[in-house]
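Worksheet: one structure, shown below.
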Amino acid sequence: MKRILRTPGKFIVGRGEIGNLSEYILPYGGKALLIALKEDAERVRYGLDKAARSGVGFVETGFCGECCMSEIDRIIRECQGEAFDVIVGLGGGKALDTAKAVSRRVNKPLIIVPTIASTDAPCSALLILYSDDHVMIGSETMVKSPDIVLADSEVIANAPKRFLVAGMGDAFATYYEARACVRSCAFNYAGGLYTQAAWQMARLCRDVLLEDSVKALEACEHSVVTPALENIIEANLYLSGIGFESVGCAAAHGIHNALTVLEETHGAMHGEKVAIGLLVQLILENAPEEELRTVMDYYRRVGLPTTLAGIGIAEPVETKLCKVARRALERPKPLTNHAFPLDEEMIVAALKTVDSLGERF
Ligand SMILES: [Zn+2]
């Protein structure tokens, strides 16, 4: 049985690193296709201008805001005559996923520049596709992970704190989901078993979050860069990214996916819903009370939700929770990465327990 570890070619985190963009682009050639929302490109315009002065020619495609087939086709169509050497995806998750989708189709190297640290997607080879009207329709996998992931800690420090908190929620679940996959010998997203390296990164991810999150949030509050903030950026983007892709996801993300059937959760961020998903997972696993307290305490310290109301689900909840449970079983991956069988009653019971536990602790 083979083990597979998938990682980006290079991961960089540093203050003002966007000013060195040309160093990363020029080895591939002088012409770069930039996929980014206009406002995100403007936020880092000084870095793009500096790269341009160093000899990089940017073709800016703009971005409509959704990672959908019509947008991917538009970008490919519009850049057909341009002989570019590398693709730069810049901004949040959807712009980065669109850059991945374009890179996969035109077979060009990919540099990913996340301007927030709200999920662990930037380092992975996976991308999520949506319809034009924003409904998730599927996923794709690139042949390999991005060639370079460049995180400018100063840019991330200047983004709203809620993004960083959501990234902590996404990353905090990684260890527990990886542990479920290790226990059940589940295959990872690269199609193999976990490596020791990926498993240790998942563990390290949680340790770093427990140690440095509060300090990092304080830095983000003041829009300044500290070692703790850079540790958290590494945990949110890289350690969590390797952990989920190269060990695996479990109920925390399975419940997250199912929660999205409730319209009222759409205002909550991915990592906030994953945070609730993790609590559900721990109830399903009958995790020790001490572990539940550790997780709840962490959520309280950083400002992640601990109740269903915290992700927008209003009373009465009964029929809504049944809907979530049915959805979870209709699309059972990655719930099936647990060694135990699941049914609707178990999931509803766990959701209810989480809700009252959040109030009790
Ligand atoms: Zn996630």
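The values are calculated or read from the model by the stated rules, or taken from the named source; none is laboratory data. For clarity, every value in this text was computed on a predicted model and none was experimentally measured. Note: ideal-geometry Cβ built from the backbone for every residue, glycine included; neighbour counts use all protein chains shown. SASA here: full protein model, heavy atoms, side chains in, ligands and nucleic acids out. Shrake-Rupley method; radii C 1.70, N 1.55, O 1.52, S 1.80 Å.
Here are a few things to note about the model shown:
- Among Pro109, Pro341, Pro160, residue whose mean-square fluctuation peaks in a GNM of the chain (springs only between Cα atoms under 10 Å): Pro341
- Cα gyration tensor shape for the stretch 161-360, rounded if a/c is under 1.5, else prolate or oblate: oblate
- Calculated FRET efficiency for the pair Arg293/Lys215, C-beta based, R₀ 30 Å, to 0.05: 0.90
- Along the axis of the charge dipole computed for the chain (Cβ charges of +1 for Lys and Arg, -1 for Asp and Glu, origin at the Cα centre), the listed residues Ala339, Ala166, Pro316 are led at the positive end by Ala339.
- Using all pairs of distinct alpha-carbon atoms, the Kirkwood hydrodynamic radius of the chain works out to 20.7 angstrom.
- Taking 24 Å as the limit for the C-alpha separation, the pairs Lys94/Lys144; Lys38/Lys94; Lys100/Lys320; Lys94/Lys215; Lys273/Lys323; Lys2/Lys333 exceed it in the case of Lys100/Lys320; Lys94/Lys215.
- Estimated from helical segments only, the mean residue ellipticity of the chain at 222 nm is -15500 deg cm²/dmol, where each DSSP H run of four or more residues counts as -39500 (n - 2.57).
- Within a Gaussian network of the chain (alpha carbon springs, distance under 10 Å), most fluctuating of Ala250, Ala125, Ala287: Ala287
- Sequence of Thr306, Thr353 from largest to smallest accessible area, 1.4 Å probe: Thr353, Thr306
- Straight-distance crosslink candidates among aspartates and glutamates, where the alpha carbon sits under 20 Å from Lys10 and sequence neighbours closer than 8 are dropped: Glu23, Asp85, Asp97, Asp120, Asp147, Asp152, Glu154, Glu230, Glu234, Glu245
- The stretch 182-310: relative contact order as a whole-number percent, Cα under 8 Å and 6+ apart: 25
- Three-way shape call for the stretch 121-183 based on the alpha-carbon gyration tensor, with the a/c threshold at 1.5: rounded
- Computed accessible area, Phe58, all protein chains, 1.4 angstrom probe, square angstrom: 50
- Measuring nothing but protein heavy atoms, the accessible surface of the stretch 11-157 at 1.4 Å probe radius is 50 percent carbon and sulfur.
- When the chain is treated as a GNM with alpha-carbon contacts under 10 Å, the residue of Leu96, Leu279, Leu292 showing the greatest mean-square fluctuation is Leu292.
- Look at the Cα gyration tensor of the stretch 221-264: its axes a ≥ b ≥ c give a/c of at least 1.5 with a/b at or below b/c, and that counts as oblate.
- Relative contact order [Cα under 8 Å, 6+ residues apart], the stretch 100-249, whole percent: 31
- Each Lys and Arg adds +1 at its Cβ and each Asp and Glu adds -1 at its Cβ; summed about the Cα centre, the stretch 11-157 shows a dipole of about 340 debye.
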